[in-house]
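The values are calculated or read from the model by the stated rules, or taken from the named source; none is laboratory data. Because the structure is a prediction, the values reported are computed rather than measured. Ideal geometry is used to build each Cβ from the backbone, glycine not excepted, and the neighbour counts take in all protein chains shown. Side chains are part of the model used for accessible areas, which takes the heavy atoms of the whole protein and leaves out ligands, DNA and RNA. Shrake-Rupley method; radii C 1.70, N 1.55, O 1.52, S 1.80 Å.
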Amino acid sequence: MSDYVIIDAHVHTYQTRQVGLQAKQGNAITDYAGTIDELLPIMEKANISRAVMVNMLPLAEMKKAAVDRLPENLSQAQRDDALKEIDTRMLGRLERRNAWTCNLARENPNLIPFINLDPLQDETTMTAELIDKVNNHGAKGIKLHPGAQWFYPDDRRLWPAYRTAQEMGLPVIFHAGRFVSPETFSRPKNFVEVLESFPELTLVMAHIGLGNEDEAVSLTKDFPNLVFDCSAIIGNVTLDGDLTEERLTSLTREVGVERVMFGSDFPWYDPADSVARLLRLDFSEEERRLLLAENAIRIYKL
Ligand SMILES: [Zn+2]
C-alpha cells in the first residue's frame, strides 16, 4: 500500500445495486454497482481518503421513455397536460437525486457531493437548485454529461449554470470524449465557446477527452482554467483503444501534470486498480502527490 494521500476525484454512487447496474447498462469491466457499501471498503483498501461523487441522471432519455409511454388516443389538451406533468416529475427526480447525493456526503464526510443540472430546468429553477445545494447542502461543484443528457456544451440553456458557477467559484466537470451513443456531444472541440465565454470558470474535462485526447491537449494553451481528470483512461483494463502507460504519462505531461486529477470512474472501473496503474507510471514523487491529491484539493477547494 502506498503512503500517498489519495483523493478519487471521480466516482458515481447509487442508492441500490439494481439502480447502479441499470446505469452501467451491461458494462462489465467490474462487478461493482456503485453502492456505498461497496465504495467505502474499496476506499479503505486502496488508501483513498476522500472521493468526489459526480452523480447525474440521464434526464432527457428518461423523459423520452415517459413520453413514449403516453397513450396515443389523448386529445391535444390532455397531451399538453401530460407533457407538463412529465417535466415536473423529471425535475423532481433530478432534485431528489441531488438531495440524496448531498445527504450521503453529510453522513459520510469522506465523500464530496457534486450536483447535476439539466437543460430541462428553466433559468430560475436551475440557478435556485445550484445556490440551494451549495449554500445549504454542501455541494462543491456541478457535474454535466452532454452525451447522456443529450446537449452540446455550448447550448445556451446551460449558460445560467456556467454564469452562476463562475460567479460562485464552483468547478464544472463534464464527461468529455467518447460515449456509447451518440458520441458527438462531448468532443473537446465543442467546449470552445464555453471556455471563451466563461474565462474564469474552472472547467474540468473528465477522461482527458477519452478518445479525443489530442483535441483536449490543443485547448490547454488558450484556456488556463481548463483542467482534467484521468478517470476511465487510467483504468487497469485492456480494451480496444486503451492508452499505453507511456502514452498516459506523455499525455499527462502534455496537458500539464498540475492540471490532472486522479479519478477512477467507479463503479465502471476499480479505484484500487486505477491507483495501482497510476503508481506504475513514470512520475516523480512530487508529480504523484499532485496527481493523487494536491491538484484535486486545489482545483476543487477541498
Ligand atoms: Zn463518470
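Quick check on this structure: which one of 66, 82, 46 is touching a residue at least 24 places away in the same chain (Cβ under 8 Å), farther than 26 Å from residue 173 by Cβ and surrounded by 13 or more Cβ atoms within 10 Å (Cβ to Cβ)?
After applying the criteria, what remains is 66.
Taking the stretch 110-128, which residues are assigned to a helix (DSSP H, G or I) and either modelled with pLDDT under 95 or open to solvent by 10 Å² or more (accessible area, probe 1.4 Å) (or both)?
Across the stretch 110-128, the qualifying residues are 123, 124, 125, 127, 128.
Restricting the first residue to the stretch 260-277 and requiring it to be without any contact (Cβ under 8 Å) to a residue 60 or more places away in the chain and closer than 12 Å to residue 207 by Cβ, which pairs with a second residue that is outside any loop (DSSP other than H, G, I, E, B) and open to solvent by 20 Å² or more (accessible area, probe 1.4 Å) meet a Cβ separation below 9 Å and a spacing of at least six or different chains?
Partner pairs satisfying both residue conditions: 260/290.
What number of residues in the stretch 262-285 are of a type in the set (Gly, Ala, Ser) and within 16 Å of the ligand (Cβ to nearest atom)?
So the answer is 3.
Would you point out the residue of the stretch 25-37, among those that are open to solvent by 30 Å² or more (accessible area, probe 1.4 Å) and in contact (Cβ under 8 Å) with a residue 40 or more places away in the chain, that is farthest from residue 179 (Cα to Cα)?
Checking each candidate, the answer is 36.
Scanning for something within 16 Å of the ligand (Cβ to nearest atom), out of contact with any helix residue (DSSP H, G or I) (no Cβ under 6 Å at 6 or more places or on another chain) and open to solvent by less than 10 Å² (accessible area, probe 1.4 Å), does the stretch 286-295 turn up at least one residue? Lay out the reasoning, then the answer.
In the first step, residues of the stretch 286-295 are kept if they are within 16 Å of the ligand (Cβ to nearest atom); the result is none.
So far as the stretch 286-295 goes, no, none of its residues is within 16 Å of the ligand (Cβ to nearest atom), out of contact with any helix residue (DSSP H, G or I) (no Cβ under 6 Å at 6 or more places or on another chain) and open to solvent by less than 10 Å² (accessible area, probe 1.4 Å).
I need the helices (runs of 4 or more DSSP H) fully contained in the stretch 9-95, keeping only those with at least 3 residues that are away from the ligand (no atom under 16 Å from the Cβ). Step through it out loud before you land on a result.
Working: elements: 17-24, 36-45, 59-68.
Result: 36-45, 59-68.
Which count do you get for residues in the stretch 129-165 that are open to solvent by 40 Å² or more (accessible area, probe 1.4 Å) and either over 30 Å from residue 107 (Cα atoms) or assigned to a helix (DSSP H, G or I) (or both)?
Final tally of qualifying residues: 11.
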